[in-house]
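Below is one structure; the comments refer to it alone.
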Amino acid sequence: MSSAIDSVLTETRVFGPFDRVAATANISGMDAYRALCEEAEADLDGFWGRLAREHLVWDKPFTRVLNDSDAPFYRWFDDGELNVSANCLDRHLGTPTANKTAIIFEADDGQVTRITYKELYERVCQFANGIKSLGYKKGDRAIIYLPMSIEVVVAMQACARLGITHSVVFGGFSSKSLHERCVDVGATLVITADEQKRGGRNIPLKSAVDEALSQAGTEGVRHVIVYRRSGSSVEWKDGRDIWMHELVEGQGTDCEPVPVNAEHPLFILYTSGSTGKPKGVQHSSGGYLLSALLTMLWTFDVKDDDIFWCTADVGWVTGHTYIVYGPLAAGVTQIMFEGVPTYPTAARFWEMIERHQCTIFYTAPTAIRSLIKAAESNDEYHPKKFDLTSLRIIGSVGEPINPEAWMWYFTHVGRERCPVLDTWWQTETGVHILTPLPGVTPLKPGSCTLPLPGIEAAIIDENGQELPPGTGGFLVIKKPWPAMIRTIWGDPERFKKSYFPPEAKGYYLAGDGAQRDADGYFWIMGRIDDVLNVSGHRLGTMEVESAMVAHPLVAEAAVVGRQDATTGEAVVAFVVLKRPVPTGEEAQQLARELRDWVGKEIGPIAKPREIRFGENLPKTRSGKIMRRLLRVVALNEEITQDVSTLENPAILDQLSQAY
Ligand code: WTA
């Protein structure tokens, strides 16, 4: 947090707008941007209604734009019907886009596969026919646990085609996390692969599904469809398990898209919140797709000849919106990558940009920071060694990008000719909310700049009072927008409590601290709740704590985030065992065991970087754990705060020395 605040005070550099980009931009300049903002301000319904009619293909036109009769459960275009897959694929048939490459897929080992829009349409139809033949239909829920592949796009689009709500689980999550999501979402179908390939390694997926489905609460799952990726042998449950290639064999290459209400849940995506249980963020069909497409046109400024590359995994919202739905609806050619940025070397991204002539590149600060490190230690991995002149726009998402990383990205990747789009948004917002626009916004390193047209953002204090520029507070969005979260699956009360608490006075509370500067630019300071951001992945401290206390030896655990130069934040855990405090080799051994345990309970991304054992945790006399103090201890800094309210101040010394 503090580094972001400092940069607001000291950052004075301004870059752009960039004439080369502005000359052809879809939103042609500040005046055009302002005009759109004013149109929305004057008539929100008219604005979104116009765009929804212009940009989407409706089976049944809507007559109502925003229905706020049950706020904050907002509904958009809710008497209209459409099909999302038809809007991503069928709309291009019979146009020149049909024979254009939809996806350039590069495998972990470098093998490249291309698929056109027409071919993708046919594969989606075949797969949809396959799952239809198994009896799945509109209203069912499918869990998708697949690696980065053309197949995952096919699976998601096929679900959308039939009105089956999908819930994608990131391949890095454990069988336990997978199980929780299967149960919570009430899945009847699971789509997975034998294994995934990343960084030269094979990582099993099917066996995690088997394990998840052997647990109670998943009896409703009738089929597991398996994409054969590695060819390694897997256990097989006859009657339940089906190979994807066998299912689609002989299926027709057309499949009538099922029209659904605009509010029909397209997907549910789990994300961390401030309690132990992840939240199932429910998204709509019409409003979500409209904004996914508009942000492709506005933020990424896509043109017919662009080669777009979003490096996110489809297991996160970024992959949903900017791989599976936005780019296809926009009819753009995109690169999709199976592997990791550092395999076989840390030059992989730069090589791929050059090889595929990428024009729009979208990645995360954590990747940028690790590639900076690699480039600084070995010149061969430096982007200057590669021809990156195809790039026009470069973007960033997932966490605050520090001004140093921003400048490096701008200078060495964008060669000072490409705007850096620092896009702020969330799983819940569905799409970009605060972001620069290529032909419009002068850039300040470290700021996500201004709201998109139709979005009104503000900073409030704890009483809901709007704060003036230069004062830090809570980021809110004042009016509903079409791609917003509809509810938390199965828990509407939690939805209201998390995002529309009384203090926020009817505004959407984002959960981020932020401030505005005198130019109205937003500067994000980080989460204000107990959510960490590790390598751009959201992680609840309570989630990690519950995983740790589930270990038979652990009596109590407290988890905090520590600033980290590469991953943004790192997990530091303070643990009280049900046995005396271990030291030396025993402590190291137990720490390893607990890290692996958390890996199994949640997934490798949640493994604590550091574990410190103590007899106790610092608590107030009323028993509340003082995480504030633990954050200082985790940084190995001296405690200057008043500790007189602590029940057991001596514990702080013990935990400090435990390092
Ligand atoms: C953080 C990812 C600063 C923020 C799309 C938010 C950012 C959380 C930015 C959402 C950014 C995302 N600058 N912080 N440009 N983008 N964040 O749900 O704290 O995985 O609340 O969505 O990431 O993470 P999520």
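Points worth noting:
- In the range 281-290, residue most open to solvent (accessible area, probe 1.4 Å) [restricted to those that are away from the ligand (no atom under 13 Å from the Cβ) and within 17 Å of the chain's Cα centre (by Cα)]: 282
- Residue match in the range 452-472 (condition: on the phi < 0 side of the Ramachandran plot, modelled with pLDDT under 95 and within 15 Å of the ligand (Cβ to nearest atom)): yes
- Residue 86 vs. criteria of a type in the set (A, V, I, L, M, F, W, C), surrounded by fewer than 19 Cβ atoms within 10 Å (Cβ to Cβ) and at pLDDT 95 or above: no
- Scanning the range 470-494 for residues that are in a loop (DSSP other than H, G, I, E, B) and either of a type in the set (Phe, Trp, Tyr) or in contact with a Phe, Trp or Tyr (Cβ under 8 Å, 6 or more places away or on another chain) (or both) turns up 478, 480, 481, 482, 483, 484, 485, 486, 489.
- Qualifying residue in the range 18-40 (condition: free of Cβ contacts under 8 Å to residues at least 12 places away in the same chain and either open to solvent by less than 30 Å² (accessible area, probe 1.4 Å) or under 27 Å from the mean Cα position of the chain (by Cα) (or both)): no
- Residues that are of a type in the set (Gly, Ala, Ser) and in a loop (DSSP other than H, G, I, E, B), drawn from the range 61-93: 69, 71, 80
- Selection status of residue 134, modelled with pLDDT of 95 or more, more than 30 Å from residue 201 (Cα to Cα) and open to solvent by 10 Å² or more (accessible area, probe 1.4 Å): yes
- Count of residues meeting criterion [under 21 Å from residue 352 (Cβ atoms) and within 16 Å of the ligand (Cβ to nearest atom)] in the range 291-320: 11
- Screening residue 508 on (1) within 27 Å of residue 598 (Cβ to Cβ); (2) open to solvent by less than 10 Å² (accessible area, probe 1.4 Å) shows it passes everything except condition (1).
- Residue list for the range 514-557, restricted to those being closer than 19 Å to residue 452 by Cα, within 16 Å of the ligand (Cβ to nearest atom) and of a type outside the set (Lys, Arg): 514, 515, 517, 521, 522, 523, 524
- Any hit, the range 191-213, residues being of a type in the set (S, T, N, Q), surrounded by 20 or more Cβ atoms within 10 Å (Cβ to Cβ) and touching a strand residue (DSSP E or B) at 6+ places or on another chain (Cβ under 6 Å): yes
- Unique residue being in contact with a helix residue (DSSP H, G or I) (Cβ under 6 Å, 6 or more places away or on another chain) and of a type in the set (Val, Ile, Thr) when the list is 633, 643: 633
- Hits in the range 400-425 - residues which are in contact with a strand residue (DSSP E or B) (Cβ under 7 Å, 6 or more places away or on another chain) and closer than 12 Å to residue 16 by Cα: 410, 418, 419, 420, 421
- The residues of the range 423-438 that are in a strand (DSSP E or B) and near the ligand (Cβ under 7 Å from one of its atoms), listed by number, are 423, 424.
- Some residue of the range 519-536 being closer than 27 Å to residue 599 by Cα, open to solvent by 40 Å² or more (accessible area, probe 1.4 Å) and among the hydroxyl-bearing types (Ser, Thr, Tyr): no
- Checking residue 200 against (1) on the phi > 0 side of the Ramachandran plot; (2) free of Cβ contacts under 8 Å to residues at least 24 places away in the same chain, the condition it does not meet: (2)
- In summary, strands (runs of 3 or more DSSP E) completely within the range 135-251 and bearing 1 or more residues that are more than 26 Å from the chain's Cα centre (by Cα) occur at 223-227, 241-243.
- Taking first residues from the range 519-537 that are in a strand (DSSP E or B) and partners that are more than 9 Å from the ligand (Cβ to nearest atom) and aliphatic (A, V, I, L, M), the Cβ contacts under 6 Å between residues at least 6 apart in sequence or on separate chains come to 523/8; 525/1; 526/1; 532/539; 537/605.
- Elements of type helices (runs of 4 or more DSSP H) contained in the range 337-422, each with 3 or more residues being within 16 Å of the ligand (Cβ to nearest atom) and either at pLDDT below 95 or open to solvent by less than 10 Å² (accessible area, probe 1.4 Å) (or both): 365-377, 403-408
- Candidates 447, 498 - the one that is touching a residue at least 40 places away in the same chain (Cβ under 8 Å), of a type in the set (Gly, Ala, Ser), under 21 Å from residue 273 (Cβ atoms) and within 13 Å of the ligand (Cβ to nearest atom): 498
- Inside the range 121-154, residues that are free of Cβ contacts under 8 Å to residues at least 40 places away in the same chain and within 27 Å of residue 340 (Cβ to Cβ) make up a count of 1.
- Any chance residue 188 is buried (at least 23 other Cβ atoms within 10 Å of the Cβ) and either touching a Leu at 6+ places or on another chain (Cβ under 6 Å) or modelled with pLDDT of 95 or more (or both): no
The values are calculated or read from the model by the stated rules, or taken from the named source; none is laboratory data. No experiment lies behind these values; they were computed from the predicted model shown. Glycine gets a Cβ as well: all are built from the backbone with ideal geometry, and neighbour counts include every protein chain shown. For the accessible areas, the whole protein counts, side chains as well, though only heavy atoms, and no ligand, DNA or RNA atoms are used. Shrake-Rupley method; radii C 1.70, N 1.55, O 1.52, S 1.80 Å.
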